[in-house]
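The values are calculated or read from the model by the stated rules, or taken from the named source; none is laboratory data. Keep in mind it's a predicted model, so treat the numbers as computed, not measured. Cβ atoms come from the backbone with ideal geometry, glycine included; neighbour counts cover every protein chain shown. For the accessible areas, the whole protein counts, side chains as well, though only heavy atoms, and no ligand, DNA or RNA atoms are used. Shrake-Rupley method; radii C 1.70, N 1.55, O 1.52, S 1.80 Å.
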Amino acid sequence: MKPRTKARAVALQALYELDLTDHPMGEVITICLRAGKLDDEKLDNFSREIVVGVQPIKTQLDNLIAKHAPDWPIDQISVIDRNIIRIAMWEFSVSKETPVKVAINEAVELAKKFGSDSSPRFINGVLGSIVESNSEIIL
């Protein structure tokens with residue numbers, strides 16, 4: 001796994017835990033970074049930025065996901081898929097440091113590794129729909 005992909009995977013694991021528990025964000029990030037063994041402070045910071053960036057705007061991200069996946073109520077989208085989409089959306093719509101195509105490709109790769117068999121196609125479709133509509137996240 002490429003280093004930045006691995007950093008995204010660590011962020012995904014932290015976001016997954018934060019969705020399912022009421023553990024403090026700082027503790028979750030610390031534990032996930034320690035377990036992820038990224039071996040580079042820049043990668044640690046990238047993972048941390050994703051989690052700290054996504055967590056406070058989950059509702060806005062989820063509203064946009066729901067709009068572009070109308071056949072799937074947000075609570076019926078798997079926690080993994082939802083967080084993979086959130087990460088990609090944050091990268092290309094909020095952080096704006098990752099090109100759209102790269103963010104989508106990385107999301108599909110995470111979906112292949114962590115999601116179900118249908119996850120890559122679903123995630124690609126939702127993200128493609130968001131990009132096509134030129135939707136912007138309004139915070």
Restricting to region 81-103, and then to whatever is surrounded by fewer than 23 Cβ atoms within 10 Å (Cβ to Cβ) and among the β-branched types (Val, Ile, Thr), can you tell me which residue is nearest to Gln55 (Cα to Cα)?
Val94
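Among the residues of region 37-67, write down those that are assigned to a helix (DSSP H, G or I) and over 16 Å from the mean Cα position of the chain (by Cα). Don't jump to the end; show me each part of the working.
Residues of region 37-67 that are assigned to a helix (DSSP H, G or I), as a first pass: 41-67.
Of everything in region 37-67, those that are assigned to a helix (DSSP H, G or I) and over 16 Å from the mean Cα position of the chain (by Cα) turn out to be Glu41, Lys42, Lys67.
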When only residues in region 67-80 that are open to solvent by 30 Å² or more (accessible area, probe 1.4 Å) and free of Cβ contacts under 8 Å to residues at least 60 places away in the same chain count, which is nearest to Leu15 (Cα to Cα)?
Ser78
Looking for something at pLDDT below 95, not charged (D, E, K, R) and not in a helix (DSSP H, G or I) - is there at least one such residue anywhere in region 88-110?
yes
Give me the pairs: first residue in region 106-121 and over 19 Å from Pro3 (Cα atoms), second residue open to solvent by less than 20 Å² (accessible area, probe 1.4 Å) and not basic (Lys, Arg), beta-carbon distance under 6 Å, and six or more apart or on different chains, which are they?
Gly115/Asp81; Ser119/Asp81; Ser119/Ala111; Pro120/Ala111
Can you name every residue in region 9-30 that is open to solvent by 10 Å² or more (accessible area, probe 1.4 Å) and either in contact (Cβ under 8 Å) with a residue 40 or more places away in the chain or of a type outside the set (Val, Ile, Thr) (or both)?
Gln13, Tyr16, Glu17, Leu18, Asp19, Leu20, Asp22, His23, Pro24, Met25, Gly26, Glu27
Taking the conditions exactly as written (part of a helix (DSSP H, G or I), touching a Pro at 6+ places or on another chain (Cβ under 9 Å) and of a type in the set (D, E, K, R)), does Glu17 satisfy them or not?
no
